[in-house]
Amino acid sequence: MVAKRTKEITPFLVMDVLERARAMEREGVDVIHLEVGEPDFDTPQCVKDAACRAITEGHTHYTHSLGNLELREAICRHYFKTYNVSVSPDQIVITSGTSPAMLLIFSALLEKGDQVIISDPRYACYPNFIRFAQGVPVTVPVYEEDGFQYRPEEIERKITKKTRAILINSPSNPTGNLLSESRMRAIAELPPYVVSDEIYHGLVYEGKEHSILEFTDNAFVLNGFSKLYAMTGLRLGYLIAPQPFIRPIQKMQQNFFISANSVVQIAGIAALEQTGEDVARMKSMYDERRKYMVGRLKELGFGITVEPTGAFYVFANAKHASNDSYKLAFDVLEKAHVGVTPGIDFGSNGEGYLRFSYANSLENIIEGLNRIKDYLDNL
Ligand SMILES: Cc1ncc(COP(=O)(O)O)c(C=O)c1O
């Protein structure tokens with residue numbers, strides 16, 4: 001018998017769309033991918049060079065379980081420079097992506113039955129991490145007219161004696177929106193810990209993102225190199241935690257993972273310190289695509305009440321086409337040959353929406369949206 005805990009894990013629906021799209025491609029169909037949450041850009045050359053050099057120079061052994069000290073120091077400098085917050089290298093644990101960091105944080109934080117507040121919609125994997133650590137996700141709906149920002153007073157109403165943490169993600173997947181400074185501050189002042197997933201930081205086209213550490217130390221930061229530096233496959237991330245949690249997390253890291261990949265950690269230093277021009281180039285291209293995509297989706301009748309200003313997603317109201325986002329996404333794939341992600345993947349409040357990713361070339365985005373126009377004209 002397979003263990004019960006595995007049965008509680010829900011599938012990641014975007015992967016269902018992607019797998020069907022790949023099967024169609026194997027049959028010769030040309031599919032435009034607007035479903036994937038992965039940069040289309042190549043990893044910056046200086047990062048690749050640093051990784052190659054690290055191998056040649058023999059940096060191929062286990063590192064300190066908390067991670068390469070030089071990388072942790074570079075992360076501290078990054079947080080100081082970007083947000084004016086002081087973090088100590090011994091508050092940081094380097095992991096193989098943000099995902100394992102999430103597993104470590106919730107494992108260190110939750111007793112059986114402890115609650116974590118998450119928004120609806122939110123990144124599809126959050127509830128699974130929480131449940132796996134025997135916690136209970138408690139959802140707070142967020143609304144299109146608010147740009148899908150949390151209403152702190154609605155969070156407050158859901159807080160119980162069992163609430164251990166409030167999970168925030170700004171800029172957000174799937175909505176591409178930022179949490180305003182005032183709402184973030186209000187959330188930081190609530191009693192539970194805040195777990196802040198800052199993986200899309202740096203990919204902000206209007207306004208400014210804030211780290212939770214600007215407002216409270218009663219917080220955990222999740223961050224990683226996948227998105228901003230186009231390093232998804234290299235698997236590098238980190239967590240920043242209050243000091244009392246570090247030793248317990250370190251013991252889990254030592255037992256379960258030993259350390260993150262040594263070569264990639266050295267490449268991470270180059271990402272933080274040498275990619276200024278690469279990041280600026282990628283950002284300006286994302287921004288150009290964002291503007292085009294938002295304008296065109298609106299023309300096609302999709303509802304976008306508050307324009308997204310971060311990450312690389314547009315979460316568009318598709319109720320004019322269908323209220324069943326899963327069926328709609330597969331119909332668009334089968335008939336228009338465009339991959340899109342059903343809103344239901346991100347929670348029941350995401351039903352009726354589709355997530356479009358602009359991590360694809362402008363040329364492909366134009367072609368994909370032309371195909372969707374033809375699809376809608378024939379409905
Ligand atoms: C909001 C959010 N958090 C975390 C992750 C996981 O990223 P990583 O590649 O660092 O594990 C993703 C990936 O899509 C994401 O969108």
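The values are calculated or read from the model by the stated rules, or taken from the named source; none is laboratory data. Not measured: the values here are computed from a predicted model. Don't worry about glycine lacking a Cβ; one is built from the backbone with ideal geometry, like all the others, and counts go over all protein chains shown.
Would you call V36 surrounded by 13 or more Cβ atoms within 10 Å (Cβ to Cβ), of a type in the set (A, V, I, L, M, F, W, C) and either within 27 Å of the chain's Cα centre (by Cα) or closer than 30 Å to L328 by Cβ (or both)? Yes, satisfied.
Just wondering, is there one or more residues in the stretch 180-198 that are outside any strand (DSSP E or B), farther than 15 Å from L167 by Cα and either within 15 Å of the ligand (Cβ to nearest atom) or touching a Leu at 6+ places or on another chain (Cβ under 8 Å) (or both)? No, there is no match, as no residue in the stretch 180-198 is outside any strand (DSSP E or B), farther than 15 Å from L167 by Cα and either within 15 Å of the ligand (Cβ to nearest atom) or touching a Leu at 6+ places or on another chain (Cβ under 8 Å) (or both). Kindly check whether there is at least one residue in the stretch 127-140 that is in contact with a Gly (Cβ under 9 Å, 6 or more places away or on another chain), under 23 Å from L213 (Cβ atoms), modelled with pLDDT of 95 or more and aromatic (F, W, Y). Among the residues of the stretch 127-140, at least one is in contact with a Gly (Cβ under 9 Å, 6 or more places away or on another chain), under 23 Å from L213 (Cβ atoms), modelled with pLDDT of 95 or more and aromatic (F, W, Y), which makes the answer yes. If the condition is being more than 16 Å from the ligand (Cβ to nearest atom) and among the acidic types (D, E), then the stretch 22-39 contributes E25, E27, D30. Taken together, the residues in the stretch 235-249 that are buried (at least 23 other Cβ atoms within 10 Å of the Cβ) and near the ligand (Cβ under 9 Å from one of its atoms) amount to 2. In this structure, V2 does not qualify as surrounded by 15 or more Cβ atoms within 10 Å (Cβ to Cβ) and either in contact with a strand residue (DSSP E or B) (Cβ under 8 Å, 6 or more places away or on another chain) or at pLDDT below 95 (or both).
Please go through the stretch 199-234 and give me each residue that is part of a loop (DSSP other than H, G, I, E, B), aromatic (F, W, Y) and within 16 Å of the ligand (Cβ to nearest atom), ordered by number. Across the stretch 199-234, the qualifying residues are Y200, F225, Y229. Applying the criterion of being farther than 22 Å from E209 by Cβ and surrounded by fewer than 16 Cβ atoms within 10 Å (Cβ to Cβ) to the residues of the stretch 272-302, the residue that is nearest to the ligand (Cβ to nearest atom) is Y292.
Answer yes or no: is there a residue in the stretch 55-67 that is under 30 Å from L297 (Cβ atoms) and exposed (fewer than 14 other Cβ atoms within 10 Å of the Cβ). So far as the stretch 55-67 goes, no, none of its residues is under 30 Å from L297 (Cβ atoms) and exposed (fewer than 14 other Cβ atoms within 10 Å of the Cβ). Flag set for S172, criterion: touching a Leu at 6+ places or on another chain (Cβ under 9 Å) and crowded, with 18+ Cβ neighbours inside 10 Å.
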